[in-house]
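Quick note: the coordinates plus some simple rules give every number you see, no bench work behind them. All values reported here derive from a predicted model rather than from experimental measurement. Positions of Cβ are generated from backbone atoms using ideal geometry, with glycine treated the same way; all protein chains shown enter the neighbour counts.
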Amino acid sequence: DCGAPVAENGAHLFCTNPDGCRMRIVARLAHFVSKDCMDIDGLSTSTLEKFHDYLGVKEVYDIYDVTRDDLLGLESFKDKKADKLLLSVERSKRVKLSAYINALGIPNVGKKLACDLARIYGSVEALAAASADELSAIDDIGDRIASDITEFFRTNPDLDRKLRERGVTPVADVPTSG
């Protein structure tokens with residue numbers, strides 16, 4: 001839809017415009033707010049499209065900057081619905097570490113691997129500091145996924161900080177190993 005070329009990666013086709021493609025941005029936001037991630041009830045794809053189109057929400061942390069007045073300015077939002085959504089956004093700020101890692105949208109890291117990484121590393125900071133060699137030594141992580149993880153943190157160095165600045169606090173969901 002954005003007009004950028006499409007690239008093939010294995011059996012998948014991807015838009016080559018990750019930061020400017022509305023569909024990719026909304027998909028990234030939808031993953032972030034989903035039940036297995038930040039679990040923000042009330043943020044449907046159509047609401048996220050409105051957030052993008054009318055409120056300029058382009059990054060996952062922008063969700064935490066949306067105000068009650070912003071919501072009331074959107075079609076279909078009245079007091080009760082706005083308050084309910086803001087409460088859900090606020091509740092999402094205290095999240096299990098595994099759900100938070102999953103929510104970040106690291107390529108090839110889903111719910112199970114996010115749980116394993118949370119258990120092994122105990123924090124996003126420790127995970128972000130891990131080398132590709134260290135990661136690839138973990139069961140279920142080969143060179144490709146290890147590279148995806150290290151590349152994600154290299155290309156998104158401020159994502160965790162920006163979420164934490166908005167009050168998001170991941171908490172350990174299982175004891176760390178070691």
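Quick look at the values:
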{"quantity": "Mean Cβ count within 10 Å, highest first, over the residues of peptides 96-106, 142-152, 157-167", "calculated": "96-106, 142-152, 157-167"}
{"quantity": "Most positive-pole-ward Cα, L163, Y64, S76, against dipole of the chain from beta carbon charges", "calculated": "S76"}
{"quantity": "Violating pairs (Cα-Cα greater than 18 angstrom) within the set K35/K111; K50/K81; K50/K96; K35/K93; K58/K84; K58/K162", "calculated": "K50/K96; K58/K84"}
{"quantity": "Helix-only [θ]222 nm of the chain, DSSP H runs n ≥ 4, -39500 (n - 2.57) each, per residue, nearest 500", "calculated": "-14500 deg cm²/dmol"}
{"quantity": "Mean Cβ neighbour count within 10 Å, used as a protection proxy, ranking 122-135, 70-83 highest first", "calculated": "122-135, 70-83"}
{"quantity": "Degrees, to the nearest 10: 79-91 long Cα axis against longest axis of the chain", "calculated": "20"}
{"quantity": "Dipole magnitude (debye, nearest 20) for the chain, charges at Cβ of Lys, Arg, Asp, Glu", "calculated": "580"}
{"quantity": "At 0.890 mPa s and 25 °C, Stokes diffusion of the chain via Kirkwood alpha-carbon radius, µm² per second", "calculated": "142"}
{"quantity": "With Cα atoms, 0 to 90° folded angle of helix 22-33 axis to the chain main axis", "calculated": "80"}
{"quantity": "Rounded to 10°, Cα long-axis angle of helix 143-155 versus longest principal axis of the chain", "calculated": "50"}
{"quantity": "Distant-in-sequence amide H partners of K96 (H built 1.01 Å from N, under 5 Å)", "calculated": "V171"}
{"quantity": "The chain - percent relative contact order, Cα under 8 Å, separation 6 or more", "calculated": "20"}
